[in-house]
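Worksheet: the structure to be examined is printed underneath.
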Amino acid sequence: MDTKHCLLFLGLVCVQAALVSAVPDWVPPEIIEMVQEDKARCMGEHGTQEAQIQEVSAGNLINDKSITCYMYCLMEAFSLVDEDANLETEMLLGILPENLQATAADIMGKCTPTSGSDNCEKIFNLAKCVQAAVPELWFII
């Protein structure tokens with residue numbers, strides 16, 4: 001996997017922000033390991049606690065700036081959103097495993113563009129939409 005695709009894949013891991021308690025088997029462990037530095041940075045910048053991340057992973061997506069801005073921070077770290085928090089859909093779809101591309105395209109068609117008063121709220125609204133559409137594909141790191 002070249003650097004660009006690796007970064008995009010890392011971003012995908014970050015974008016997938018919520019509802020199964022374990023990371024899906026299609027996400028390689030080395031990707032999880034590579035995300036850790038940005039995870040720690042984003043947690044520190046936004047005052048996010050691991051307990052909040054676990055709560056979201058357990059299915060409780062909350063509109064709290066410390067978690068929604070954390071999610072935005074991870075997406076921004078891997079250039080998966082622009083300066084207005086618009087998802088770079090084509091890049092994201094291009095790196096997903098083939099068996100998820102059609103589902104993801106359908107969901108992104110329904111869930112983007114997002115609205116909100118700021119970038120963090122836009123990411124919350126995106127997360128809420130995706131969570132409602134396919135909770136089985138949704139997780140947070």
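The values are calculated or read from the model by the stated rules, or taken from the named source; none is laboratory data. Just so it is clear, the model here is predicted, and its values are computed rather than measured. No Cβ is skipped: glycine too gets one built from the backbone with ideal geometry, and neighbour counts run over all protein chains shown. Remember, those area values only see protein heavy atoms, side chains included, never the ligands or the DNA or RNA. Shrake-Rupley method; radii C 1.70, N 1.55, O 1.52, S 1.80 Å.
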Test: residue in the range 87-98 that is of a type in the set (S, T, N, Q) and buried (at least 18 other Cβ atoms within 10 Å of the Cβ): no
Unmet requirement for ILE107, which otherwise passes all of (1) part of a loop (DSSP other than H, G, I, E, B); (2) at pLDDT 85 or above; (3) touching a helix residue (DSSP H, G or I) at 6+ places or on another chain (Cβ under 7 Å); (4) not polar (S, T, N, Q): (1)
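A quick yes/no check of all residues on (1) in contact with a Ser or Thr (Cβ under 8 Å, 6 or more places away or on another chain); (2) closer than 22 Å to ILE67 by Cα:
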{"site": "GLY109", "(1), (2)": "no, no"}
{"site": "THR112", "(1), (2)": "yes, yes"}
{"site": "ASN119", "(1), (2)": "no, yes"}
{"site": "ILE123", "(1), (2)": "yes, yes"}
{"site": "LYS128", "(1), (2)": "no, yes"}
{"site": "GLU136", "(1), (2)": "no, yes"}
Verdict on GLY44 being touching a helix residue (DSSP H, G or I) at 6+ places or on another chain (Cβ under 9 Å), open to solvent by 20 Å² or more (accessible area, probe 1.4 Å) and farther than 14 Å from ASP118 by Cβ: no
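Mind checking which residues of the range 48-88 are more than 17 Å from VAL35 (Cβ to Cβ) and acidic (Asp, Glu)? Outline the logic, then answer.
Filtering the range 48-88 down to residues more than 17 Å from VAL35 (Cβ to Cβ) leaves 49, 51, 55, 58-66, 68, 82-88.
If the condition is that a residue be more than 17 Å from VAL35 (Cβ to Cβ) and acidic (Asp, Glu), then GLU55, ASP64, ASP82, GLU83, ASP84, GLU88 are the ones that fit.
Among the residues of the range 110-132 satisfying the criterion of being more than 19 Å from GLU88 (Cβ to Cβ) and part of a helix (DSSP H, G or I), which is most open to solvent (accessible area, probe 1.4 Å)?
Step one: of the range 110-132, the residues more than 19 Å from GLU88 (Cβ to Cβ) are 117, 128, 131-132.
Subsequent filtering for residues that are part of a helix (DSSP H, G or I) retains 128, 131-132.
Numbers: LYS128: 101, GLN131: 38, ALA132: 85 Å².
Per the stated criteria, the residue is LYS128.
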Unmet criterion (only one of (1) assigned to a loop (DSSP other than H, G, I, E, B); (2) at pLDDT 95 or above; (3) not β-branched (Val, Ile, Thr)) for GLY59: (2)
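Anything in the range 73-126 that is of a type in the set (Val, Ile, Thr) and either touching a residue at least 24 places away in the same chain (Cβ under 8 Å) or over 27 Å from PRO28 (Cβ atoms) (or both)? List them, or say none. Walk me through it before giving the result.
Within the range 73-126, the first condition is being of a type in the set (Val, Ile, Thr), and the residues that meet it are 81, 89, 95, 103, 107, 112, 114, 123.
Listed by number, the residues that qualify are VAL81, ILE95, THR103, ILE107, THR112, THR114, ILE123.
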